[in-house]
Every structure is written in C-alpha cells, then in structure tokens.
1. Using Cα positions and a limit of under 17 Å, work out the lysines in reach of LYS16, with same-chain residues fewer than 8 apart set aside.
2. Enumerate the calculated ³J(HN,Hα) couplings along the range 166-173 in order (Karplus 6.51 cos²θ - 1.76 cosθ + 1.60, θ = phi - 60°), each rounded to whole Hz, writing x wherever the residue is Gly or Pro.
3. Check the straight Cα-Cα distances from LYS156 and name the lysines below 19 Å, setting aside those fewer than 8 residues away within the same chain.
4. Between GLU158 and ASP18, what's the calculated FRET efficiency when r is the beta-carbon distance and R0 is 25 Å? Round to 0.05.
5. I want to make sure I understand the PRE zone here: with the label point 7 angstrom from the Cα of GLN52 toward its beta carbon, which residues in the range 15-34 have backbone N atoms less than 18 Å away?
6. Which net charge results for the neighbourhood of GLY63, defined as the other residues with beta-carbon distances under 14 angstrom from its beta-carbon, given Lys and Arg at +1 and Asp and Glu at -1?
Amino acid sequence: MMTPAELVWLLASVAKGDKTAFKRVYEATHGKLYGVVLRILRRQDLAEEVLQEAYVKIWNNAGQFNPGTASPITWMVSIARNRAIDVVRKRGEASIEDEPGALEVASDTPEPLARREMTEDLKRVLECVGRLEPDRQRLVLLAYYNGWSRDQLAEKFETPLSTVKTWLRRSLIEIRECLGLP
C-alpha cells in the first residue's frame, strides 16, 4: 500500500512528465477511484470512460496539486467524483439530490470494488478489519479507504482528534497482528 508521502512524490514526478511515476500512481489508486466513479454512475462502461478522463486530468494537472490543501488520494478522488457527477447531470438519468451518497467522497464500505479486482491480500486485510468492533471498522475504512483526514473523522465521530489518532493506531496494531506482520 502506497503512503500519502509516496503519492505526493510521485505526483511531483508526474508533473514533470514522468510516465513511470504516472503508471505507479495509476496502479496504486485506480481501484479506489473506480469504486467511487462506479458508485455514482452505476454503469461499468461509463465508469471506465470517466476514470480514463479523470486520469488524463490528473496527468495534465499534477503540477497544480498542493499537498498542503488535501491528501493526494482526496485530490484524485475529487477529480474523478466531480467528473462522474458531471456525467450524471449531463445525462439527466438521475438527480444528484436523489443520491445523497454520490456527493460523498466514497462509501463507508468496500462494496464498490469489483470482486475480480480484490486480491487475496485485500481479502485478508478486509477480513482483519472485519474483526474490529463496528465503530473502529468504519473509522479505519473512512481513513484509509476513503481518505478522510483525522479532523474529518474527529468531527464525524464527535470525538477529540487525539482520541481518533489513538483509535486508528490501536486498530492498525490489531490489523497488523491479525495479518501476522511484525
């Protein structure tokens, strides 16, 4: 799993035209972005098209990414999400107001990932996440699957920031132990 710092570095390389860095960004993020877009559009063909357009925009605008404003994944998800919402509005197939979840960055659960894209490692991680208590599952998924900031999580869970950090740390330790990692 790629860290936000690695993605920042890779996006800086993409801004300089580094195709290898772009390939690594794509490989690290396409599952998440596809899940977000598919959740909004509900059609694989449209989701794939929008995802391609989103990556073109990421390639063209990588130099505009500001790590002080958002995490790399949040920035990329917003590009893909906004493009998907534009397609929904243009097609007039559904009202965004009828789909309040479409306005969120992503869902609280991993359902948007296509089963065929789930690797054995991901299945093991999700199994370990599933062993956490329900609030901790949501916390971990919102933080690491949806890219929510610690501040957003503190607000969502109506909990002090330091408590959220502690919960995340303890949850990650439990997941690591479940996976048998040092």
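1. Correct list for LYS16: LYS57.
2. So the J values, rounded to whole Hz, are 5, 4, 5, 4, 5, 5, 5, 5.
3. Within the straight-line limit of under 19 Å, LYS156 reaches these lysines: LYS165.
4. 0.05
5. Only 23, 26-27, 30-31, 33-34 fall inside the zone, counting backbone N under 18 Å.
6. +1
Read-outs throughout are calculated quantities, based only on the coordinates presented, and are distinct from any laboratory measurement. No experiment lies behind these values; they were computed from the predicted model shown. All Cβ positions, glycine included, derive from the backbone under ideal geometry; neighbour counts span all protein chains shown.
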